[in-house]
Amino acid sequence: MGRAFEYRKATKLKRWGNMARVFTKLGKQITIAAREGGPDPDGNPRLRMLMQQAKKENMPKDNVERAIKKASSKDEAGYKEINYEGYGPHGIAIFVETATDNNMRTVANVRSYFTRSGGSLGTSGCLQFLFDHKCVFNVCPKEGMDLEELELELIDFGVEEVETDEDGNIIIEGDFQANNAIQKYLEDNGFDINSAEFVRIPNDVKTLTPEQRESVQKLLDKLEEDEDVQNVFHNMAEE
(Lines give C-alpha, C1' and ligand atoms only; values in the text may rest on other atoms or scores of the structure.)
Protein backbone atom coordinates (compact mmCIF):
# COMPACT_ATOMS: atom_id res chain seq x y z
CA MET A 1 0.00 0.00 0.00
CA GLY A 2 1.14 3.56 -0.70
CA ARG A 3 2.18 5.87 2.09
CA ALA A 4 -0.73 8.23 1.51
CA PHE A 5 -3.24 5.39 1.70
CA GLU A 6 -1.85 4.03 4.95
CA TYR A 7 -1.43 7.49 6.49
CA ARG A 8 -5.00 8.56 5.70
CA LYS A 9 -6.42 5.26 6.89
CA ALA A 10 -4.66 5.65 10.24
CA THR A 11 -5.26 9.36 10.79
CA LYS A 12 -8.82 10.24 9.85
CA LEU A 13 -9.28 13.54 11.65
CA LYS A 14 -11.94 13.84 14.32
CA ARG A 15 -12.95 17.17 12.78
CA TRP A 16 -14.52 15.31 9.87
CA GLY A 17 -16.62 13.14 12.17
CA ASN A 18 -18.86 16.05 13.10
CA MET A 19 -21.24 17.37 10.43
CA ALA A 20 -21.17 20.97 11.68
CA ARG A 21 -17.37 20.97 11.50
CA VAL A 22 -17.44 19.43 8.04
CA PHE A 23 -19.69 22.25 6.81
CA THR A 24 -17.56 24.92 8.49
CA LYS A 25 -14.37 23.54 6.98
CA LEU A 26 -15.82 23.13 3.50
CA GLY A 27 -17.44 26.57 3.68
CA LYS A 28 -14.12 28.26 4.35
CA GLN A 29 -12.40 26.30 1.59
CA ILE A 30 -15.16 27.21 -0.87
CA THR A 31 -14.87 30.91 0.01
CA ILE A 32 -11.09 30.85 -0.44
CA ALA A 33 -11.34 28.94 -3.73
CA ALA A 34 -13.97 31.36 -5.09
CA ARG A 35 -11.90 34.38 -4.09
CA GLU A 36 -8.71 33.05 -5.68
CA GLY A 37 -10.12 31.46 -8.83
CA GLY A 38 -13.47 33.16 -9.37
CA PRO A 39 -17.06 32.15 -8.52
CA ASP A 40 -17.69 30.16 -11.72
CA PRO A 41 -17.00 26.46 -11.04
CA ASP A 42 -16.60 25.74 -14.77
CA GLY A 43 -13.43 27.82 -14.82
CA ASN A 44 -12.29 27.06 -11.29
CA PRO A 45 -11.23 23.41 -10.79
CA ARG A 46 -10.70 23.73 -7.04
CA LEU A 47 -14.12 25.30 -6.51
CA ARG A 48 -15.76 22.70 -8.76
CA MET A 49 -14.22 19.89 -6.74
CA LEU A 50 -15.21 21.43 -3.40
CA MET A 51 -18.79 21.89 -4.58
CA GLN A 52 -18.95 18.23 -5.60
CA GLN A 53 -17.54 17.25 -2.22
CA ALA A 54 -20.05 19.48 -0.42
CA LYS A 55 -22.86 17.76 -2.29
CA LYS A 56 -21.62 14.31 -1.27
CA GLU A 57 -21.39 15.51 2.35
CA ASN A 58 -25.03 16.68 2.11
CA MET A 59 -24.03 20.29 2.76
CA PRO A 60 -27.10 22.48 2.10
CA LYS A 61 -27.03 24.32 -1.22
CA ASP A 62 -27.71 27.60 0.58
CA ASN A 63 -24.53 27.13 2.62
CA VAL A 64 -22.50 26.60 -0.55
CA GLU A 65 -23.96 29.66 -2.28
CA ARG A 66 -23.42 31.78 0.82
CA ALA A 67 -19.79 30.70 1.01
CA ILE A 68 -19.24 31.66 -2.66
CA LYS A 69 -20.90 35.06 -2.21
CA LYS A 70 -18.76 35.73 0.84
CA ALA A 71 -15.67 35.67 -1.40
CA SER A 72 -16.73 38.89 -3.14
CA SER A 73 -18.50 40.60 -0.24
CA LYS A 74 -16.94 43.88 0.89
CA ASP A 75 -18.68 43.52 4.24
CA GLU A 76 -16.93 40.26 5.08
CA ALA A 77 -13.36 39.84 6.26
CA GLY A 78 -11.58 37.50 3.88
CA TYR A 79 -10.19 34.18 5.00
CA LYS A 80 -6.49 33.57 4.62
CA GLU A 81 -4.79 30.18 4.56
CA ILE A 82 -1.90 30.28 7.04
CA ASN A 83 0.29 27.39 8.15
CA TYR A 84 1.95 26.98 11.54
CA GLU A 85 4.77 24.57 12.30
CA GLY A 86 6.20 23.48 15.61
CA TYR A 87 7.19 20.70 17.95
CA GLY A 88 4.93 19.14 20.52
CA PRO A 89 5.86 17.04 23.55
CA HIS A 90 8.68 14.49 23.03
CA GLY A 91 9.87 16.20 19.84
CA ILE A 92 6.86 15.33 17.70
CA ALA A 93 6.69 17.55 14.61
CA ILE A 94 3.25 19.12 14.06
CA PHE A 95 2.09 20.95 10.93
CA VAL A 96 -1.10 23.01 11.35
CA GLU A 97 -3.13 24.37 8.42
CA THR A 98 -5.61 27.14 9.19
CA ALA A 99 -8.13 29.33 7.41
CA THR A 100 -8.71 32.51 9.38
CA ASP A 101 -10.15 36.00 9.16
CA ASN A 102 -8.10 37.12 12.17
CA ASN A 103 -4.48 36.04 12.10
CA MET A 104 -3.69 37.66 15.47
CA ARG A 105 -6.33 35.52 17.16
CA THR A 106 -5.29 32.35 15.39
CA VAL A 107 -1.55 32.61 16.00
CA ALA A 108 -2.17 33.47 19.66
CA ASN A 109 -4.38 30.42 20.10
CA VAL A 110 -2.06 28.05 18.27
CA ARG A 111 0.98 29.30 20.17
CA SER A 112 -0.82 28.87 23.50
CA TYR A 113 -1.72 25.25 22.67
CA PHE A 114 1.91 24.44 21.94
CA THR A 115 3.24 26.30 24.98
CA ARG A 116 0.79 24.79 27.46
CA SER A 117 1.64 21.30 26.24
CA GLY A 118 5.36 21.84 26.72
CA GLY A 119 5.98 22.27 23.00
CA SER A 120 7.00 25.29 20.96
CA LEU A 121 5.81 27.04 17.81
CA GLY A 122 8.55 27.24 15.19
CA THR A 123 9.27 29.50 12.24
CA SER A 124 7.54 29.16 8.90
CA GLY A 125 9.16 26.44 6.79
CA CYS A 126 10.98 24.73 9.64
CA LEU A 127 9.18 21.43 8.99
CA GLN A 128 9.01 21.48 5.20
CA PHE A 129 11.73 18.83 4.97
CA LEU A 130 9.82 16.44 7.24
CA PHE A 131 6.59 16.24 5.23
CA ASP A 132 5.75 15.45 1.60
CA HIS A 133 2.82 17.49 0.28
CA LYS A 134 0.44 15.24 -1.67
CA CYS A 135 -2.98 15.34 -3.30
CA VAL A 136 -5.26 12.36 -2.74
CA PHE A 137 -8.41 11.55 -4.70
CA ASN A 138 -11.07 9.06 -3.67
CA VAL A 139 -13.03 7.91 -6.74
CA CYS A 140 -15.63 5.29 -7.55
CA PRO A 141 -14.42 2.35 -9.68
CA LYS A 142 -15.75 1.94 -13.21
CA GLU A 143 -17.11 -1.39 -14.37
CA GLY A 144 -14.49 -3.54 -16.10
CA MET A 145 -11.67 -1.19 -15.17
CA ASP A 146 -8.17 -2.61 -14.73
CA LEU A 147 -6.38 -0.96 -11.81
CA GLU A 148 -2.89 -1.56 -13.18
CA GLU A 149 -3.78 -0.11 -16.57
CA LEU A 150 -5.30 2.93 -14.86
CA GLU A 151 -2.13 3.46 -12.82
CA LEU A 152 0.07 3.23 -15.91
CA GLU A 153 -2.07 5.78 -17.71
CA LEU A 154 -2.12 8.15 -14.74
CA ILE A 155 1.66 8.16 -14.32
CA ASP A 156 1.86 10.73 -17.12
CA PHE A 157 -0.38 13.02 -15.08
CA GLY A 158 1.77 12.96 -11.95
CA VAL A 159 0.17 10.04 -10.10
CA GLU A 160 2.48 8.07 -7.80
CA GLU A 161 0.19 5.47 -6.20
CA VAL A 162 -3.17 3.87 -7.04
CA GLU A 163 -4.85 1.63 -4.43
CA THR A 164 -8.29 0.44 -3.42
CA ASP A 165 -9.66 1.03 0.06
CA GLU A 166 -11.79 -1.20 2.27
CA ASP A 167 -14.97 0.10 0.58
CA GLY A 168 -13.72 -0.75 -2.90
CA ASN A 169 -13.13 2.87 -3.88
CA ILE A 170 -9.94 3.90 -5.68
CA ILE A 171 -7.38 6.01 -3.83
CA ILE A 172 -5.14 8.01 -6.14
CA GLU A 173 -2.08 9.79 -4.75
CA GLY A 174 0.10 12.33 -6.54
CA ASP A 175 2.36 15.26 -5.89
CA PHE A 176 0.61 18.40 -4.68
CA GLN A 177 1.52 20.25 -7.88
CA ALA A 178 -0.14 17.57 -10.03
CA ASN A 179 -3.58 18.15 -8.49
CA ASN A 180 -5.20 20.03 -11.39
CA ALA A 181 -3.85 17.65 -14.04
CA ILE A 182 -5.12 14.59 -12.16
CA GLN A 183 -8.50 16.16 -11.52
CA LYS A 184 -8.89 17.08 -15.19
CA TYR A 185 -8.05 13.52 -16.28
CA LEU A 186 -10.60 12.05 -13.87
CA GLU A 187 -13.32 14.47 -14.94
CA ASP A 188 -12.60 14.08 -18.66
CA ASN A 189 -12.78 10.29 -18.33
CA GLY A 190 -16.06 10.22 -16.44
CA PHE A 191 -14.87 9.17 -13.00
CA ASP A 192 -17.17 9.92 -10.07
CA ILE A 193 -14.94 11.70 -7.54
CA ASN A 194 -15.98 11.18 -3.92
CA SER A 195 -13.41 13.53 -2.43
CA ALA A 196 -10.12 15.28 -3.07
CA GLU A 197 -7.78 16.52 -0.38
CA PHE A 198 -4.25 17.64 0.30
CA VAL A 199 -2.22 15.79 2.91
CA ARG A 200 1.25 16.13 4.39
CA ILE A 201 2.86 12.74 4.87
CA PRO A 202 5.80 12.47 7.28
CA ASN A 203 9.08 11.15 5.88
CA ASP A 204 9.97 9.70 9.25
CA VAL A 205 7.86 8.81 12.29
CA LYS A 206 8.68 8.64 15.98
CA THR A 207 7.48 5.81 18.21
CA LEU A 208 6.31 6.84 21.68
CA THR A 209 5.18 5.06 24.83
CA PRO A 210 1.44 5.08 25.62
CA GLU A 211 1.99 7.78 28.25
CA GLN A 212 3.95 9.94 25.81
CA ARG A 213 1.33 9.43 23.11
CA GLU A 214 -1.35 10.62 25.50
CA SER A 215 0.39 13.94 26.11
CA VAL A 216 0.85 14.52 22.38
CA GLN A 217 -2.75 13.54 21.65
CA LYS A 218 -4.01 16.17 24.08
CA LEU A 219 -2.24 18.83 22.04
CA LEU A 220 -3.56 17.42 18.75
CA ASP A 221 -7.10 17.42 20.17
CA LYS A 222 -6.82 21.06 21.28
CA LEU A 223 -5.61 22.08 17.83
CA GLU A 224 -8.31 20.14 16.01
CA GLU A 225 -11.02 21.67 18.20
CA ASP A 226 -10.05 25.22 17.18
CA GLU A 227 -12.51 26.56 14.62
CA ASP A 228 -9.75 28.20 12.58
CA VAL A 229 -7.82 24.96 12.17
CA GLN A 230 -8.42 23.05 8.94
CA ASN A 231 -5.93 20.18 9.20
CA VAL A 232 -3.30 18.89 11.60
CA PHE A 233 -0.46 16.62 10.49
CA HIS A 234 2.23 15.03 12.68
CA ASN A 235 4.98 12.44 12.64
CA MET A 236 3.93 10.39 15.66
CA ALA A 237 3.82 6.69 14.77
CA GLU A 238 0.42 5.03 15.03
CA GLU A 239 -0.15 2.41 17.70
So for region 125-143 (the condition being in contact with a strand residue (DSSP E or B) (Cβ under 6 Å, 6 or more places away or on another chain), among the charged types (D, E, K, R), under 30 Å from Glu214 (Cα atoms) and not in a strand (DSSP E or B)), does at least one residue qualify?
no
Filtering region 106-124 for residues that are outside any strand (DSSP E or B) and open to solvent by less than 80 Å² (accessible area, probe 1.4 Å) leaves a count of 12
What number goes with the only condition from (1) part of a strand (DSSP E or B); (2) open to solvent by 30 Å² or more (accessible area, probe 1.4 Å) that Gly78 does not pass?
(1)
Taking Gly174 as the residue in question, decide whether it is at positive phi and either open to solvent by less than 60 Å² (accessible area, probe 1.4 Å) or not in a helix (DSSP H, G or I) (or both).
no
Restricting to region 214-230, name every residue that is open to solvent by 10 Å² or more (accessible area, probe 1.4 Å) and over 12 Å from Arg21 (Cβ atoms).
Glu214, Ser215, Gln217, Lys218, Asp221, Lys222
Going through region 184-226 one residue at a time, which ones are of a type in the set (Phe, Trp, Tyr) and not in a helix (DSSP H, G or I)?
Phe191, Phe198
List the pairs whose first member sits in region 90-113 and is touching a residue at least 12 places away in the same chain (Cβ under 8 Å) and at negative phi, whose second member is surrounded by fewer than 21 Cβ atoms within 10 Å (Cβ to Cβ) and in a helix (DSSP H, G or I), and whose Cβ atoms are under 7 Å apart, counting only residues at least 6 apart or on separate chains?
Ala93/Leu130; Tyr113/Lys222
Keeping to region 224-238, report how many residues are over 14 Å from the mean Cα position of the chain (by Cα) and farther than 19 Å from Lys80 by Cβ.
5
Filter region 139-164 down to residues that are within 21 Å of the chain's Cα centre (by Cα) and surrounded by fewer than 14 Cβ atoms within 10 Å (Cβ to Cβ) and give me whichever is modelled with the highest pLDDT.
Cys140
Residues that are assigned to a loop (DSSP other than H, G, I, E, B) and not acidic (Asp, Glu), drawn from region 49-72
Asn58, Met59, Pro60, Ala71, Ser72
Quick check on region 188-208: of everything there that is open to solvent by less than 70 Å² (accessible area, probe 1.4 Å) and touching a His at 6+ places or on another chain (Cβ under 9 Å), which residue is farthest from Arg46 (Cα to Cα)?
Leu208
Residue set Ile201, Ile155; condition aliphatic (A, V, I, L, M) and without any contact (Cβ under 8 Å) to a residue 40 or more places away in the chain; output residue Ile155
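The values are calculated or read from the model by the stated rules, or taken from the named source; none is laboratory data. Just so it is clear, the model here is predicted, and its values are computed rather than measured. Reconstructed Cβ throughout: ideal geometry from the backbone, glycine too, with neighbour counts over all protein chains shown. Quick note on the areas: whole protein, heavy atoms, side chains included, nothing else; ligands and nucleic acids left out. Shrake-Rupley method; radii C 1.70, N 1.55, O 1.52, S 1.80 Å.
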